[in-house]
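Dropping a structure here in C-alpha cells format, bear with me for questions.
Rule-based calculations on the coordinates, nothing more; no lab input. Please read these numbers as outputs of a predicted model, since none were measured by experiment. Glycine also receives a Cβ, built like all others from the backbone with ideal geometry; neighbour counts cover every protein chain displayed.
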Amino acid sequence: MILHPAILALLSTSLLTSFMVLYAGWYGARIIRTWDIKSGSELQLSLERRTYLISTLVSYTLVFQLLSLFLFIYTADNLHTLFSGAMCAAGTLNVNRYGYPLLVMKIINFLLAGLWLIINHADTRGYDYPLIKVKYALLLAIAPLVLVELFFQISYFAGLEPDVITSCCGSLFSIDKPGIGGDLASLPSKPMVAAFYAGMAATLASGLYFYFKGKGGYLFSSMSCLAFSIAAASLISFICLYFYELPSHHCPFCILQKEYGYAGYALYATLLGGGVAGMGTGALMPWRNRGSMAHIIPHLQQRLTATTIFLYLLFTLIVVYRIVFSSFRISG
Amino acid sequence: MIELAHVTKSFNAGRSNQFTAVSDVSLAIRPGRVTVLKGPSGSGKTTLLTLIGCMARPTSGRIVLRGLRPACLATGNETGDVEITSLPERFLTGIRRTTFGFIFQHFNLVKGISVLENVMLPAYPIGVNHRVFRNKALGLLELFNISRHASAPIDWLSGGEMQRVAIARSLINDPHVIIADEPTAHLDTRLSREFMEIIGSFKGEGKTILIASHDPIVFESPLADAVVEMRDGGITGKTDEP
C-alpha cells in the first residue's frame, strides 16, 4: 500500500461514510417498521426528534461521498507516475483487479448519493415528513453499495505496489481491445455525434417545456438519463479525439491532465451534476402534489431542471468549442 | 382551541435521575378565554406552558392548535389545525414568533438596550417594515403608559414598569395566544390587579390567555374562565365556566 495523503483521505472518507450510512440505515429500518405520524407515543416522538439530526449528518457525509469521486480520479491520475506503463489514471486503475470495479461503484454511489440528497432536501422542507420512509428505504439500498465500495477501495489501495507493470490507456481503450472500453471506443463516430446532439437537444426541449408548463417531468427525467448515458459513451467514442487530436486515442482519463487544461474535470462535473439533477426531478414526481410537498416540490423541480439544462449546456458548449477550434476532423 | 392529548414530559429519560415534570395531561383550552394553571411550585405548570408555547417538546403525547395554523405552514388547503409536537424546529420558530406572545416570570428583558428596542426585538425576524413595527412598539408603550421611558435603558425601570415592557413586547407580533408564567410573582397587590386589568383588555380583544400562577389575585379573578389545578405533573381538578 502507498501511504499517499489522498489515499488516506479517501479511505477515511469511505470508512466514515460506511459507518454513518450503516448507523442511519439501522435507524431507518426502525422508521420504516414503526413510523406512525398519528401516534403520540414516546417511540414516535423520539424518532421524530432524531431523524432531523441523523439526516443532517448523513447529508454532510454524502456530500463527502460526492467529492470523493473527484478526489479518487485525481489521485488515480496523480499516482500514474509510480507504475511502469501507466500514462494516466487508466493505467493506475489497471494495476490490480479492483481498480475499475471501484471506479464503477464510486460513480453509482455518486448518483445515488446525489439522489438521496435531493429527496432529503425536499423532505426536510415539509413539516409532515412526507418522504421519510422513501429516503430511508433509499438509504438502506445505498448502504450495501457503500460497503462494497469500501471493500473495493481497501482491496485496491492495499494492493497498489509500485513495481507493478500495468497497461497504458492506449491499449485499454483501443478499438481492438475486447471489453467495455474497447466497445465504447469502437462505436461509430458519426452516429454517436448525431445521438449526442439529439440527446442534448431533446433534454433541453423537454426541460424547457417542464420548466415553463410544469408538465412532462418523467419525460424530461428520462431524457436527461438517456442524454447522460449517450454523453458518457460519446466522451470515449468521439469527444476525446478532438481533445487529443488523434484518431485512435479514446482514453477518458488523459483529459484530466494539465496538457488538456484539466478539461476532464469540467466535463465530468457538469455531466454528473446535470445527470443527478435530472434524475432527482423524476424521483420527486410521485410526491409533487402531496400534502406540504405541493408547495415545495414544484419549485424544487424547477430549480433542478434549470440546473440540468445549465450543466448540460455547459458540457455541450465545452465539447462544441473543442470541436470547432480543434485541428482534428473526423473523416468518413 | 389548543388540545393536549396524553402529554408527558420527562427529563433525563431512561436514566437513574429521570424526572417526569408533566404526566399524561389531556386538556382543551378554549379560544378567546382566560385559562389559569394553578398549583404549587413544582407542579408542572411552567413545563406545560413551555410545551404549549413550542419552547420544548413532550416525551409523548400530541398538542394540536386548532384554527391557529400560521402562515409559515400554509399549504393552500389547510384546515387551520396544526399538530405542533411533530414539527421540526424550523417550523416551531415560526409558530413561536407569530402565534404566541410570552410574558415570563423574570421578564427576560435584554439589558443594555433601550425599552423601545426590547419591545421591537421579536418583530425583527418577521421581516415587517422597520418603521411600521417601530410605530407599533411606540403605540404599545403609550398604551401601557411607559412611553416616557422609551429611550431609557431597561435597567432603569422598576419591577412594575419592566413587566409592562414585557407585556408590550409579547404583543408586538399581534399573537393569537398570550402565555404568562407567574406574571404577578414579583409584583405587589396594586400592580397585580393592574396586570389583571390588562389581561381583561386582551380578553376583550378575543385573545386566548394562558396563565400559570399560584397567586389568588390571578386564579380567583372573575376574568379567569377556566382554572386547571395541577400537582405533581398531573391535573387534579378543573373548573370551567360555560
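Given A:F72, A:Y127, A:L82, which one lies farthest toward the positive end of the charge dipole of region A:47-138, if we put +1 on the Cβ of every Lys and Arg and -1 on the Cβ of every Asp and Glu?
Checking the options against the dipole of region A:47-138, the answer is A:Y127.
Continuing with the same structure: For region A:233-332, which trypsin sites (Lys or Arg not before Pro) are both in a DSSP coil and crowded by at most 13 other Cβ atoms within 10 Å? Intermediate values should be presented prior to the final figure.
Working: sites: A:K258, A:R288, A:R290, A:R303, A:R322, A:R329; in loops: A:R288, A:R290, A:R329.
Sites meeting the loop and neighbour criteria: A:R290, A:R329.
Moving on to the next point. Any idea what the dipole of region A:170-332 comes to, in debye rounded to 20, about its Cα centre with Lys/Arg Cβ at +1 and Asp/Glu Cβ at -1? Could the numbers behind the result be given before it?
Values: 10 positive and 4 negative charges, 116 e Å.
Roughly 560 debye, rounded to the nearest 20.
B:K238's amide H: which non-local residues (gap 5+, or another chain) put their own amide H closer than 5 Å, with H modeled 1.01 Å from N in plane and none for Pro or chain starts?
B:E229
Then there's this: Using 19 Å as the cut-off for backbone N distance, which residues of region B:86-130 belong to the label zone defined by a point 7 Å from the Cα of A:L53 along Cα→Cβ?
Only B:86-93 fall inside the zone, counting backbone N under 19 Å.
Counting other C-beta atoms within 10 Å, which of A:K177, B:K238 has the fewest, and how do the rest follow?
Details: A:K177 17, B:K238 13.
Exposure proxy ranking, most exposed first: B:K238, A:K177.
When the Karplus curve 6.51 cos²θ - 1.76 cosθ + 1.60 is applied with θ = phi - 60°, which whole-Hz ³J(HN,Hα) does each residue of region B:55-65 get, with x for Gly and Pro?
Listing the rounded values in order: 8, 8, 10, x, 6, 8, x, 10, 10, 10, 9 Hz.
Then there's this: Between A:S41 and B:I113, what is the label-to-label distance in nm when each label sits 7 Å out along the Cα-to-Cβ direction?
Distance between the two pseudo-spin positions: 4.5 nm.
Given N residues in chain A, what is Rg(Cα) / (2.2 N^0.38 Å)?
Relative to the rule-of-thumb radius for its length, chain A sits at 1.08.
How large is ³J(HN,Hα) for each residue in region A:65-81, as worked out from phi by the Karplus curve 6.51 cos²θ - 1.76 cosθ + 1.60 (θ = phi - 60°), to whole Hz, x for Gly and Pro?
Couplings: 4, 4, 5, 5, 4, 6, 5, 5, 5, 5, 5, 4, 5, 5, 8, 4, 5 Hz.
Per-residue counts of other Cβ atoms within 10 Å, averaged by peptide: what ranking do you get for B:20-29, A:304-313, highest first?
A:304-313, B:20-29
Alpha carbons only, please: Rg and Dmax for the protein assembly as shown, in angstrom.
31.9, 101
Please state the charge dipole magnitude for region A:71-138, taken about the Cα centre, from unit charges on C-beta atoms (+1 on K and R, -1 on D and E), reported in debye and rounded to the nearest 20.
On the way: 5 positive and 3 negative charges, 27 e Å.
Dipole about the Cα centre, nearest 20: 120 debye.
Now a separate question. Can you list the aspartates and glutamates whose alpha carbon sits under 18 Å from that of A:K258, skipping same-chain ones fewer than 8 residues off?
Hits, sequence-local ones excluded: A:D77, A:E245.
Where does the longest stretch of chain B lie that holds no GluC sites (Glu not before Pro) found in a DSSP loop with 15 or fewer other Cβ atoms within 10 Å? Could you put the intermediate results ahead of the total?
Details: sites that count: B:E78, B:E205, B:E220.
Excluding the exposed sites themselves, the longest stretch runs over B:79-204.
Could you pull out the trypsin sites (Lys or Arg not before Pro) across region B:95-188 that fall in loop regions by DSSP (anything but H, G, I, E, B) with no more than 12 other Cβ atoms inside 10 Å?
B:K111
Please compare each pair in B:K136/B:K207; A:K38/B:K38; B:K38/B:K136; A:K106/A:K135; B:K38/B:K203; B:K9/B:K203 to a cut-off of 24 Å on the Cα-Cα distance and tell me which ones are over it. Intermediate results must be reported in sequence, preceding the final value.
Details: B:K136/B:K207 18 Å; A:K38/B:K38 30 Å; B:K38/B:K136 33 Å; A:K106/A:K135 20 Å; B:K38/B:K203 19 Å; B:K9/B:K203 29 Å.
The pairs that break the limit, which is 24 Å between Cα atoms, are A:K38/B:K38; B:K38/B:K136; B:K9/B:K203.
Sequence-distant or interchain residues sharing an amide H contact under 5 Å with B:K9, placed H: which?
Amide H to amide H, under 5 Å and 5 or more residues apart or across chains, B:K9 pairs with B:A21, B:V22, B:S23, B:D24, B:T59.
Moving to a separate point now. What fraction, in whole percent, of alpha-carbon pairs in chain B exceed 24 Å separation? All intermediate terms of the calculation are to be shown ahead of the outcome.
On the way: 13454 of 29161 pairs.
That tail contains 46 percent of the Cα-Cα pairs.
Stretched out fully, how many nm does the piece from A:D163 to A:L317 gain, at 0.36 nm a residue minus the Cα gap? Working shown, then result.
On the way: separation 154, 0.36 × 154 = 55.44 nm, distance 4.13 nm.
Length gained between A:D163 and A:L317: 51.3 nm.
Please name which of A:M223, A:Y52, A:I297 has its Cα lying farthest along the dipole of chain A towards the positive end, using unit charges on Cβ (Lys, Arg +1; Asp, Glu -1) and the Cα centre as origin.
Comparing the listed Cα positions along the dipole, A:I297 ranks first.
Another one. Just rank A:C88, A:C168, fewest to most, by other beta-carbon atoms within 10 angstrom.
Numbers: A:C88 23, A:C168 20.
Ordered by Cβ neighbours within 10 Å, fewest first: A:C168, A:C88.
What share of the DSSP beta bridges in the protein assembly as shown is antiparallel, in percent to the nearest 5? Present the calculation step by step, with values, prior to reporting the outcome.
Working: 21 of 40 bridges.
The antiparallel fraction comes to roughly 50 percent.
Calculated FRET efficiency, A:L226 and A:S248, Cβ-Cβ r, R0 25 Å, to nearest 0.05?
Working: r = 28 Å, r/R0 = 1.11.
The calculated FRET efficiency here is 0.35.
What's the magnitude of the charge dipole for region A:20-153 around its Cα centre, counting Lys and Arg as +1 and Asp and Glu as -1 at the beta-carbon? Answer in Debye, nearest 20. Numbers along the way, then the final one.
Values: 10 positive and 7 negative charges, 39 e Å.
Roughly 180 debye, rounded to the nearest 20.
Taking θ as phi - 60°, what are the ³J(HN,Hα) couplings along region A:146-155 by the Karplus curve (6.51, -1.76, 1.60), each to the nearest whole Hz, with x for Gly and Pro?
Each residue of region A:146-155 in turn: 5, 5, 4, 4, 4, 4, 4, 5, 5, 5 Hz.
What 222 nm value per residue comes from the helices of chain B, counting each DSSP H run with n ≥ 4 as -39,500 (n - 2.57) and dividing by all residues, nearest 500 deg cm²/dmol?
Values: 7 runs with 71 residues, N = 242.
It lands at -8500 deg cm²/dmol.
Once the Cβ-Cβ distance between B:E142 and B:S26 is put in as r, and R0 is 41 Å, what FRET efficiency do you end up with, to the nearest 0.05? Don't jump to the answer; show the numbers that get you there.
Numbers: r = 42 Å, r/R0 = 1.01.
Step by step, r from the Cβ atoms, then E = 0.50.
A further question follows. Tell me which residues come under 5 Å, amide H to amide H, from B:L68 once H is placed; ignore anything under 5 positions away on its chain.
Here B:V82 satisfy the definition.
For region A:170-332, state what percent of all Cα-Cα pairs lands in each successive 5 Å bin, counting from 0 Å until the bin that includes the largest distance.
Pair shares across the bins are 2, 10, 18, 19, 16, 13, 9, 7, 4, 2, 1, 0.
Right, here's the next one. Against the empirical 2.2 N^0.38 Å scaling, what ratio does the C-alpha Rg of region B:1-126 come to?
Details: Rg = 16.1 Å, N = 126, 2.2 N^0.38 = 13.8 Å.
After normalising by residue count via 2.2 N^0.38 Å, the value is 1.16.
Cα centroids of region B:1-76 and region B:201-242: how far apart, whole angstrom?
Cα centroid of region B:1-76 versus Cα centroid of region B:201-242: 15 Å apart.
Related question: Region A:9-61: which trypsin sites (Lys or Arg not before Pro) are DSSP loop and have at most 15 other beta-carbon atoms within 10 angstrom?
On the way: sites: A:R30, A:R33, A:K38, A:R49, A:R50; in loops: A:K38.
The qualifying sites are A:K38.
Would you give the gap between the C-alpha center of region A:177-202 and the C-alpha center of region A:291-320, rounded to a whole Å?
So the two Cα centres are separated by 25 Å.
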